[in-house]
Amino acid sequence: WDHVCFGARVWVREKEQLLPATVNSCGDGTLVVTTDYGEVFYLQQAEVTRERVYAMHQSSIDGVEDMSALAELHEAAIMHNLYQRYQKDNIYTNIGSILAAVNPYKQIPGLYDLDRVDLYSKHHLGELPPHIFAVANECYRCLWKRHDSQCVLISGESGAGKTESTKLLLQFLSVMSQNSIAAPQSERTTHVEQAIVQSSPIMEAFGNAKTVYNNNSSRFGKFIQLHFSECGNIQGGCVIDCILTVCGGTTVF
């Protein structure tokens, strides 16, 4: 009882689930807490144990850009952190070297414009807020830093946004490819980049199905292979259907 007080952020265990909540009152032998989902619990003093109600760590209260920094490593803390960031239109969150993306189902102004591409192309992974361009830039730079092929795996359920993420990666790599060519802007050839970017809608037209979450869900995975020259521009590529799935595809670069 002494570990909770009015206004405190806490976790409440209900039916084997941990729910983020706020203490509304703690007098008269009754603890009243309201979850972030609108549920109100009235708990008698005997029910308030450290297994049923306990204080939320500051890292969960504030939210973190990289969830490996969360002090509370359980599913509820992870989902709560993603939800808090989502409410602020921060749809990207790192988990170490993994990027978690939550589909906003709306346009977020300026999130993918050329200025953002330019910004992330000049910084290492972790120096700027989480973004798919940060992953794309790290992959592009590591081609020469490690002198080895790089791979990006994009996975998620139907409607999660895998196809859009693929297009964004291709967009970033296309810009980097064009910028690497030592020629005036007007003389740069973009035929290869354009062909790869524009091939996505064609590939989406085959083998797709309607699901509850997505009207155009891929029933196969795609392996996209890009070939870069030593100066950093895309010289060619191919797209291969490779993984049959039930309700969502996987894209591998």
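The values are calculated or read from the model by the stated rules, or taken from the named source; none is laboratory data. What you see is a predicted model; the values in this text were computed from it and never measured. Please note: Cβ atoms are built from the backbone with ideal geometry, for glycine as well, and neighbour counts cover all protein chains shown. Quick note on the areas: whole protein, heavy atoms, side chains included, nothing else; ligands and nucleic acids left out. Shrake-Rupley method; radii C 1.70, N 1.55, O 1.52, S 1.80 Å.
The label-point distance for K106 and E65, in a model that sets each label 7 Å from Cα toward Cβ, rounds to 2.4 nm. With both labels modelled 7 Å from their Cα along Cα-to-Cβ, the F6 to E75 distance reads 3.6 nm. Between D118 and Y42, the contour length at 0.36 nm per residue exceeds the alpha carbon distance by 22.1 nm. Whole Å is fine, so just give me how far the alpha carbon centre of the stretch 88-148 lies from that of the stretch 55-77. The stretch 88-148 and the stretch 55-77 have Cα centres separated by 22 Å.
Within the full protein context, the accessible area of E127 is estimated at about 100 Å² for a probe radius of 1.4 Å. If you plug the beta carbon distance of C142 and Q87 into 1/(1 + (r/R0)^6) with R0 = 30 Å, you get a FRET efficiency near 0.35.
Based on protein heavy atoms only, the stretch 33-91 ends up with 59 Å² per residue of surface accessible to a 1.4 Å probe. Accessible surface of the stretch 8-56, 1.4 Å probe: 47 percent of it comes from carbon and sulfur atoms. With K and R counted +1 and D and E -1, the other residues having a Cβ less than 14 Å from that of Q17 yield a net charge of -3. Note down the nm distance, to one decimal, between modelled labels 7 Å out along Cα→Cβ at K167 and at S229. Calculated label separation equals 2.9 nm. Roughly how far apart, in whole Å, are the Cα centres of the stretch 5-25 and the stretch 220-235? Using only Cα atoms, the two centres lie 49 Å from each other.
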